[in-house]
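K.L.:
Here's a structure for you.
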Amino acid sequence: MYVIMEDTLVIELTILVVLLAIARVLYLIHKITNGFSKVALTKRTVPAKTMICIGSGGHTTEMLCIIKNLNFNRYSPRNYIIANTDSTSLKKVNEMESMKN
């Protein structure tokens with residue numbers, strides 16, 4: 001008798017967990033498709049101050065690939081964090097900035 005009740009309880013809990021997971025996925029899909037916030041409906045009228053951390057190695061190339069697609073008029077001023085010893089990254093950033101401006 002107890003074995004049957006325990007099996008039934010396990011099945012019911014499993015069904016409950018699956019239903020909760022499905023409900024969560026549907027909720028997230030709803031939020032993604034309809035927007036996360038009704039508060040942020042106004043568009044930005046002034047440029048956004050932007051800080052960009054440039055590192056050595058492949059990180060510089062990855063960041064520059066992201067930055068090159070930015071609308072520089074909407075993201076200004078852009079402040080870069082670069083190590084004093086990283087002259088290569090500084091050169092690449094300066095080239096990109098002069099090319100975009």
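Just so you know, all these numbers are worked out from the coordinates, no wet-lab data involved. This structure is a prediction, so every number in the text was calculated from the model and none was measured. Counting neighbours? That spans all protein chains shown, and the Cβs are built from the backbone with ideal geometry, glycine included.
K.L.:
May I ask you to work out the translational diffusion coefficient for the chain at 37 °C, viscosity 0.692 mPa s, via Stokes-Einstein with Rh from the Kirkwood sum over Cα pairs, reported in whole µm²/s?
P.N.:
On the way: Rh = 18.5 Å.
Answer from the Stokes-Einstein relation: 177 µm²/s.
K.L.:
Percent relative contact order of the chain, based on C-alpha pairs within less than 8 angstrom and at least six residues apart? Write down the numbers at each step before the final one.
P.N.:
On the way: 51 pairs, mean separation 26.4, N = 101.
That works out to 26 percent.
K.L.:
Follow-up question, since we're still on this one. Give me the extension gain from Ser98 to Leu26: residue separation times 0.36 nm, minus the current Cα-Cα distance, reported in nm with one decimal. Please list the in-between numbers first.
P.N.:
On the way: separation 72, 0.36 × 72 = 25.92 nm, distance 4.62 nm.
Stretched fully, the Ser98-Leu26 segment lengthens by 21.3 nm.
K.L.:
State which entries of Lys49/Lys100; Lys49/Lys91; Lys31/Lys100 exceed 26 angstrom in Cα-Cα distance in the structure shown.
P.N.:
Working: Lys49/Lys100 17 Å; Lys49/Lys91 22 Å; Lys31/Lys100 35 Å.
Violating the 26 Å limit, Cα to Cα: Lys31/Lys100.
K.L.:
Are there chymotrypsin sites (Phe, Trp or Tyr not before Pro) in the range 9-99 that DSSP marks as loop and that have at most 11 other Cβ atoms within 10 Å, and which are they? Could the numbers behind the result be given before it?
P.N.:
Working: sites: Tyr27, Phe36, Phe72, Tyr75, Tyr80; in loops: Phe36, Phe72, Tyr75.
Sites meeting the loop and neighbour criteria: Phe36.
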